[in-house]
Amino acid sequence: VAVAARIVGIVGVSSQPTSGITLVTLLGVASVFAAAGWVDESARAAVLTVGTIVAVAASKAGDISQDLKTGYLVGATPARQQFGQLIGASFACWAVAGTVMLLGTVYTFGSREIPAPQATLMKTIIEGVLAGALPWGLVLSGVGLSITALLCGVSALAFAIGVYLPLATMAAIYLGGCVRALSDQRARPQEKGNEEQPKKDSANPGILAASGLVAGEGLAGVALAGLVAAQVVPRTMAPRLPGLLGEVAVLVLLLSVCVFLYRASRSG
């Protein structure tokens, strides 16, 4: 819980290490079960149940840390926010379950649209540890790399998240970080001793615009799945701009988004 809240506060909710924390939990619990001789099907279900509990706890930790920061920016009362969290969670659990069922029905988990690599890795860890066939050399190599990064002055947690997350995800985060760094570098120097400055920086229009893009992407994906389920649009379709022309169009669109975020950040 503490690790999830910390990494969300440092990087953002897009890098929340829920799956990584869950994998570590599965590895530890499965090792205990294997040492105790519990290796049947019920033991696998028990390990997965423990991992599910940890995953939910880590997800809520990151979500609550974001909500409390947002409440600080708008001047909300933490106690009332907690009450709102209880109300929201009672409805969100049904919404999440419905969304997962919708995506699984439309695209099928494990397909090209939803490859679900974390689920496959979790299955491999549980079966590998309980069957005594897990490649511990690779696991220990990862531990060694994290220790080396820590000794070099690099945050081991941030380093591990960067290695673990897919390149497609990290590339977008890195590009967004470059835009933010460029905006901060060109920002006009602020007067020292201004206590309101941290709040103004956190409420930067560029951050608000980027948050809208993140939320919009998620909503658009669910809406598209709903349209596919209703057979309004096909599940797959040929690209309108194939080949090099399509790649150039995507690059231009990406640069346009970067310019938009940069200008939005500068407007604050």
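The values are calculated or read from the model by the stated rules, or taken from the named source; none is laboratory data. All of these numbers come straight from a predicted model, not from anything done at the bench. Note that each Cβ is placed from the backbone with ideal geometry, even for glycine, and that neighbours are counted across all protein chains shown.
Observations
- Test for Thr120: is it exposed (fewer than 15 other Cβ atoms within 10 Å of the Cβ), within 21 Å of the chain's Cα centre (by Cα) and at pLDDT below 75: no
- The range 39-52, residues that are touching a helix residue (DSSP H, G or I) at 6+ places or on another chain (Cβ under 9 Å) and either without any contact (Cβ under 8 Å) to a residue 40 or more places away in the chain or of a type in the set (Phe, Trp, Tyr) (or both): Asp40, Ala46, Val50, Thr52
- Residue match in the range 89-109 (condition: at pLDDT below 80 and crowded, with 17+ Cβ neighbours inside 10 Å): no
- Looking only at the range 126-172, residues that are under 20 Å from Thr22 (Cβ atoms), assigned to a helix (DSSP H, G or I) and within 18 Å of the chain's Cα centre (by Cα) come to 11 in all.
- Answer from Ala156, Ala79 - the residue that is farther than 20 Å from Gly221 by Cβ and surrounded by 14 or more Cβ atoms within 10 Å (Cβ to Cβ): Ala156
- For the range 163-198, filtered to residues that are touching a helix residue (DSSP H, G or I) at 6+ places or on another chain (Cβ under 6 Å) and modelled with pLDDT under 75, the residue that is surrounded by the most Cβ atoms within 10 Å (Cβ to Cβ) is Tyr164.
- Count of the range 102-116 residues which are charged (D, E, K, R) and closer than 16 Å to Gly218 by Cα: 1
- Positions within the range 112-144 being in contact with a Pro (Cβ under 9 Å, 6 or more places away or on another chain) and over 17 Å from Thr25 (Cβ atoms), in sequence order: Pro117
- Residue match in the range 232-249 (condition: within 21 Å of Val179 (Cα to Cα) and either in a helix (DSSP H, G or I) or of a type in the set (A, V, I, L, M) (or both)): yes
- Flag if Arg44 is basic (Lys, Arg) and closer than 20 Å to Thr120 by Cβ: yes
- Just so you know, in the range 20-69 the residues that are surrounded by 15 or more Cβ atoms within 10 Å (Cβ to Cβ) and basic (Lys, Arg) include one that is farthest from Ala89 (Cα to Cα), and it is Arg44.
- Check on Leu213, exposed (fewer than 11 other Cβ atoms within 10 Å of the Cβ) and modelled with pLDDT of 80 or more: no
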